[in-house]
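S.K.: Take this structure, written in C-alpha cells, and hold onto it; I'll ask about it next.
Taken together, the values in this text are just the output of simple stated rules run on the coordinates, not laboratory data. The shown structure was predicted, so the numbers you read here are calculated from the model rather than taken from an experiment. Note: ideal-geometry Cβ built from the backbone for every residue, glycine included; neighbour counts use all protein chains shown.
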Amino acid sequence: MMLRFNVSCPTVPHWPGDNLSIERLGEGKLATSKGIAGRRLISSFLQFSFNPAVPRRRIPRQHQVTAMASASAGDGSSANGLPKSHAPQISKRLENLKPTVFTKFSLLALKYNAVNLGQGFPNFDGPEYIKEAAVGAIRTVGKNQYARGHGIPPLNAAIAERFNKETGLHVDGETEVTVTSGCTEAIAATMIGLINPGDEVILFAPFYDSYEATLAMVDAKIKTVTLRPPDFAVPVEELKAAFSSKTRAILINTPHNPTGKMFSRSELEAIASLCKEHDVLAITDEVYDKLVFKGQHISLASLEGMFERTITLNSLGKTFSLTGWKIGWAIAPTHLTWGIRQAHSYLTFAVATPFQWATVAALQSPDSYYEDLVKEYSERKDVLIQGLKEVGFTVYEPQGTYFVMADHTPFGFKDDTEFCEYLVKEVGVAAIPPSVFYANPADGSHLVRFAFCKDVETIKEGVKRLKAKLRRPVLTSS
Amino acid sequence: MAHFLADRALQLSSSNIIHLSRLAEKYKAINLAEGFPDFPAPIAIKNAAVEAINADFNQYRHVQRLCDEVAAMFERTKGVKINPETQVSICCGQTEALVAAVLAVINERDEVVLLDPSYETYEAAVRLAGAKAKHVSMDPPNWTLDFKKLESAIGSRTKAVIINSPHNPTGKVFSEDELAGIAKLCCKFDCLAVTDEVYEHLVYTEAGHKTLATFPGMKDRTIVTSSISKTFSVTGWRIGWAIAPEAISPAITSIHEKLVDSAPAPFQEAAVTALTVGSKYYLNLRAEYIERRNLICEALEEAGLTVESKPEGSFFVFARLPETYPLKDVDYVADLIKSAGVVIVPGNGFFHADSLCNENYRDRYVRVAFCKNIATLRSAREAIREHWRLHSSS
C-alpha cells in the first residue's frame, strides 16, 4: 500500500467558508444581536435556514428539527440595520440536510392522530433481561461513574467475540474496538478522525441523513451513486466512475435504510476491488445486520484484503429495540482505531456506563433471540406489504431492515411530500417522503418509506386505514 | 499507517489523565487522579433511572421537561431567566455540550482564548473546529488573572473566551470583579464567552459561584455548559447541557444531533428527578466536600507539599511540590504511584507552551482529586505521609 497522503506536518484544515461574505449567503442575512454586528455567530460549516418556530414539546426525538425561534437574539434591531427576522441560508453543502421532514411528519401524525409508520424506531421495548442488566448496573456502586473512554473491557471483548462469530475475523477488543454513544457518534468520530477537508467520500443514495451532515462538518466532498428500483442494485459502471485520485473513503450501509437492500457478495466484491485499487477506506454501517429476511448479511471487512482498510459500525439500538440507550461501536484495525478514539474522546469522552454493562448481557443473547426477532419482524413486514400491495402501491420488498419503499405514483400525487401530507391528513397514516435521502430529490419523489418497527396491531390499523381511505384516482376515458 | 488519519486527529494528543488512571489500575493505586467519585450516587436518582427503564423510556427521546428543569434551576441559582424551549440543548455530558457549542460558533482560523492552567478538552474542541487556541496564564499562588495579559491576547480574530469556574485544576472560583473584568473585555472586543460550570454546586465560599451570563452585556454572548455528573456523582450517565442565546442554541442542538443524535433517554428522565431535589441535598454535598477538602489539604501539607490556595470550589486541589524536591512533577507522580500506591496528576499538562508564564513553575504542581470517600482519603493520607517520611529522611 503506497503512502498516498503525506501527513508529515498537520496543517490547520482549510474550510471553504473562509471567504464567506454576507452576499454569498444569499438572501438571508446573519442574525445579529445588538453589538455583535457583522460577526458570524454561527460557524461556517453549519448554517441553516430559519424555520418558523417549531415547539419542542412532545416531539418524538429522532430527527427533530432545531427549533429556530425568531432570528433576533438581541433586544431590538440588529446593529447593522438589517431587519431582524432575516437569517443565514444553509450553505450549499448543507442544503440537503432535511431533518425537518421527520419532525414535520411526526408533528402531523400527532395532530391528525395518525398511525405513525414514519419514525424509524420501535414503539415497543427491548428484552427484560437486558433492562434488568442495566438496572443491576445502576444499583452497583462504581457502575455509574466514567467508563474507560473507548469502552468497558468486557464490552469491547463481547463486541470482538460477536464479530468473530459472525465474520470469522479475530479482532482485539482492546485495540480494535471503540464503544461510542450510539452508531451516530461512531459515524461522527470516524469522519472527524479519519476524513480530511477536501477528501472525496462516496455515498450510495438514498442515504441516512447524518452521513451527509458529518461529512459536511469535516468539509469532505460527497460523490453519490444512486440506487434505483426495483432491485436498488449497485450500478457498477457508475460506481467505478465515482472513484478518483481524491477518493478517501466509501460508505456502505447494509442492510440499507431506506430501501431494505442487502449488498450482495458480488456487489461487495466489486466495491472491495475498487477500494484496493484506489487505496480507499470503507466505512460500513451495519446497524440492521440482524434484521435480515432474505439472503445473508456480509461484512465488507471479511472480504480479502479489506479488514485493514474497513471501519465496521454497529449498535445496540436496532437489534435490541433500545434506541434511546445510545450504545454503538466501531471495529477497525489499530491504526485506524487510533484516529476514531481520538475524535471520540473529545466528542463525548465516555459512554453511558450502566448501558455498556447491559450491552454485554445483550450480546450474550442466545441465537433464539435473533431468530425470534426476525420472525416477529417478518410477520410485521408481511402484514404491511400485503396491505400496501392490496391498496395499489408498487412495493419493493426489503431484504432487511424494518423499512420498505413503495412507489406511490398510482395515487396521482405530484411528489412524495404531497403524497405523505395527504396520507397523514386524510388517511391517518404517517410515512416519510424519501426524496430527502437523495442527492437529487427528483430521484426519490415517486417513492415513500414506511417503517414496520411497530407492534402488529399498529401496523394492522395502518393497513386498515390505507384500505379504507386511500384511493387511486379514477381514470377518465380519453 | 498515519496517512489514513485525518490531520486534526493527529493534532490531538492522548489524554494524560486517562492514561494515569490505567497506571493506577495496574498498580492498584488509590486513584486521586481522575475526577470521578467513588461514593455512590443518590438513591432517589438511581431509582428514577430504573423506573424510566422499566417504564419503557428506552427509545430516542427529547425530554422537554429536562430542558424546563435546567432552565428553572438556572433561574433559581443564577437569577437569569431563559426560555427552555429555545435556549437549552441537552447533550451527552458537558464534554459534548462544549464541543457542540464550539463547533456551532467557532470557524476555522478564529482564535479562542483559554486561561491556563486549563483542562485538556477545551483546546481539543478548539482544534476540532480548526481554530487556534491562545492561552493566557493565571498567576500563582492564587491563580489571579492579569487583565493586561488577557487584553493583549484578545485580537480581531478572537471569537470566544472559554471560562471554567469553579476551576479545574486549581479549585479557584472566579470572583465577581474578575468576571466583571472578563465581561467588559468580551463586550469591548465583541466576542463570545463559553463557560464550563460543571462544579457549580461544589462551591465552598460564602461568596458563591456566579455565572458570566449575569454580567452586563453578557446575556446574549454567553454559552453556559454544565452537567449532572459532578453534582450528583453520576459521571457515567452522560447528561449535560448548553444554555445559549436564542440565535445560537439551535445551532448547538443541530450539531449535537449530528454528532450523537441524543443523550441516553432513561438518564434524561432521571436527570429531571435530580434537578428537582431539595436544597438540603446541596447543603449536604457541600458539607461533605468541605470535609474532604480539608482532609486532603492537611494531608498534602503534612507531606511537604504546599497548598498555596485552598480550593474554593471543584473537587481538586492544585498543590505545589516541596521546594526541596529536586525532580519534576511527572517524577513525583510516578514515584508516588510506585512507592506510596497513590496516583495524582502532574500539573504540567495543564500549562500550554504559548501561555506567557514563568517557565520555572510549570512542573512544580500536582493535581489531587478529593471526590473520594473519607476512608479512601484517609488511606491516601497515610500512604503519602509515610512516603514523605521515608523520602525526606533519606
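S.K.: With only alpha-carbon pairs counted, each pair once and no self-pairs, how large is the Kirkwood hydrodynamic radius of region B:43-274 in angstroms?
M.R.: Details: mean 1/r = 0.0561 Å⁻¹.
Value: 17.8 Å, from the Cα pair sum.
S.K.: Moving on to the next point. Cβ under 13 Å from residue B:302's Cβ, residue B:302 left aside: what net charge do those residues give with Lys, Arg +1 and Asp, Glu -1?
M.R.: For residues surrounding residue B:302, the net value is 0.
S.K.: For residue B:27 and residue B:205, FRET efficiency with R0 = 30 Å and r from the beta-carbon atoms, rounded to 0.05?
M.R.: Computed FRET efficiency for residue B:205 and residue B:27 comes out at 0.25.
S.K.: Name the residues whose placed amide hydrogens come within less than 5 Å of the amide hydrogen of residue B:60, ignoring near sequence neighbours (fewer than 5 apart) on the same chain.
M.R.: A:323, A:324
S.K.: From a point 7 Å beyond the Cα of residue A:123 in the direction of its Cβ, which residues of region A:417-454 have a backbone N at a distance under 19 Å?
M.R.: Backbone N within reach: A:420-433, A:449-454.
S.K.: I've got another one for you. List, in order, the whole-Hz ³J(HN,Hα) value for each residue of region B:132-137 obtained from phi through the Karplus relation with A = 6.51, B = -1.76, C = 1.60 and θ = phi - 60°; use x for Gly and Pro.
M.R.: Couplings: 10, 8, 10, 9, 10, 7 Hz.
S.K.: Based on alpha-carbon centroids, what's the gap between region B:272-338 and region A:255-333 in Å, whole number please?
M.R.: Taking the Cα centre of region A:255-333 as reference, the centre of region B:272-338 is 47 Å away.
S.K.: For residue B:306 and residue A:161, what does the FRET efficiency come to when R0 = 51 Å and r is the distance between their Cβ atoms, rounded to the nearest 0.05? Numbers along the way, then the final one.
M.R.: Values: r = 51 Å, r/R0 = 0.99.
Plugging the Cβ-Cβ distance into 1/(1 + (r/R0)^6) gives 0.50.
S.K.: Quickly work out the residue A:174-to-residue A:372 label distance, labels modelled 7 Å from Cα along the C-beta direction, and quote it in nm with one decimal.
M.R.: About 3.6 nm, to one decimal.
S.K.: Let me ask something else about it. Sort out for me the Cα centre separation of region B:189-244 from region B:84-125, rounded to whole Å.
M.R.: One Cα centre to the other: 12 Å.
S.K.: Something else now. I need the phi-derived Karplus couplings for region B:157-173: 6.51 cos²θ - 1.76 cosθ + 1.60, θ = phi - 60°, integer Hz, Gly and Pro marked x.
M.R.: Rounded to whole hertz, the list is 8, 6, 9, 7, 10, 10, 10, 10, 8, x, 9, 9, x, 7, x, 5, 10.
S.K.: Let me ask something else about it. Treating the beta-carbon of each Lys and Arg as +1 and of each Asp and Glu as -1, no other charges, what is the dipole magnitude of chain B about its Cα centre, to the nearest 20 debye?
M.R.: 240
S.K.: Moving to a separate point now. Over all residues in B:220-227, what is the mean tally of Cβ atoms on other chains that come within 10 Å of each residue's Cβ?
M.R.: Working: counts 10, 7, 0, 0, 0, 0, 0, 0.
Going residue by residue through B:220-227 and averaging, the value is 2.
S.K.: Neighbour counts of other C-beta atoms within 10 Å: give me A:459, A:385, B:248 arranged from fewest to most.
M.R.: A:385, A:459, B:248
S.K.: So what is the orientation-averaged projected area of region A:323-437, using the convex hull of its C-alpha atoms, in nm²?
M.R.: Working: hull surface 43.6 nm².
With the hull built on Cα positions only, its mean projection is 10.9 nm².
S.K.: For chain B, what is the calculated [θ] at 222 nm in deg cm²/dmol (nearest 500), taking -39500 (n - 2.57) for each run of four or more DSSP H residues and dividing by its residue count?
M.R.: The per-residue figure over chain B is -12500 deg cm²/dmol.
S.K.: Which lysines, on any chain, are close to residue B:310 with Cα under 17 Å apart, when same-chain ones fewer than 8 places away are left out?
M.R.: Correct list for residue B:310: B:172.
S.K.: Another question about this same structure. Explain nothing, just compute: Karplus ³J(HN,Hα) = 6.51 cos²θ - 1.76 cosθ + 1.60, θ = phi - 60°, for every residue of region A:242-250 in order, whole Hz, x for Gly and Pro.
M.R.: Each residue's phi maps through the Karplus curve to give 6, 7, 9, 5, 9, 5, 9, 7, 10 Hz.
S.K.: Then there is this: For residue B:294 and residue B:382, FRET efficiency with R0 = 22 Å and r from the beta-carbon atoms, rounded to 0.05?
M.R.: For R0 = 22 Å, the calculated efficiency reads 0.85.
S.K.: Search the structure for amide H atoms under 5 Å from the amide H of residue B:238, placed 1.01 Å from N in the peptide plane, and list their residues when 5 or more places away or on another chain.
M.R.: Amide H neighbours of residue B:238: none.
S.K.: Residues with amide H under 5 Å of residue A:228's amide H, sequence separation 5 or more or different chain, H placed in the peptide plane at 1.01 Å from N; which?
M.R.: A:233
S.K.: Now, a different point. Tally Lys/Arg at +1 and Asp/Glu at -1 over every other residue whose Cβ is under 9 Å from the Cβ of residue B:58; what's the total? Write out the running numbers ahead of the final one.
M.R.: Details: positive: A:131, B:61; negative: A:125, B:56.
Around residue B:58, the surrounding residues sum to 0.
S.K.: Could you tell me what percent of the DSSP beta bridges with both partners in chain B are antiparallel, to the nearest 5?
M.R.: In chain B, approximately 45 percent of DSSP beta bridges are antiparallel ones.
S.K.: In square nanometres, what is one fourth of the surface area of the convex hull spanned by the alpha carbons of chain B?
M.R.: 19.6
S.K.: Further question: Which lysines have a Cα less than 29 Å from the Cα of residue A:469, not counting those fewer than 8 places away in the same chain?
M.R.: A:98, A:104, A:111, A:381, A:389, A:414, A:425, A:454, A:460
S.K.: Where in region B:240-284 is the amide nitrogen less than 11 Å from a point lying 7 Å along the Cα-to-Cβ axis of residue B:77?
M.R.: B:275-277, B:282-283
S.K.: Among residues other than residue B:385 whose Cβ falls under 15 Å from its Cβ, what is the net charge (Lys/Arg +1, Asp/Glu -1)?
M.R.: Values: positive: B:378, B:381, B:389; negative: B:298, B:301, B:302, B:335, B:382, B:386.
The answer is -3.
S.K.: So, in Å, what gap is there between the alpha-carbon centers of region A:116-130 and region A:195-249?
M.R.: With region A:116-130 and region A:195-249 each reduced to a Cα centre, they are spaced 30 Å.
S.K.: Right, here's the next one. Starting from the Cα of residue B:230, draw a straight line to each of the aspartates and glutamates and keep only those under 18 Å, dropping any in the same chain fewer than 8 residues away.
M.R.: Those aspartates and glutamates meeting the cut-off are B:34, B:38, B:69, B:96, B:120, B:196, B:197, B:200, B:269, B:288, B:291, B:312.
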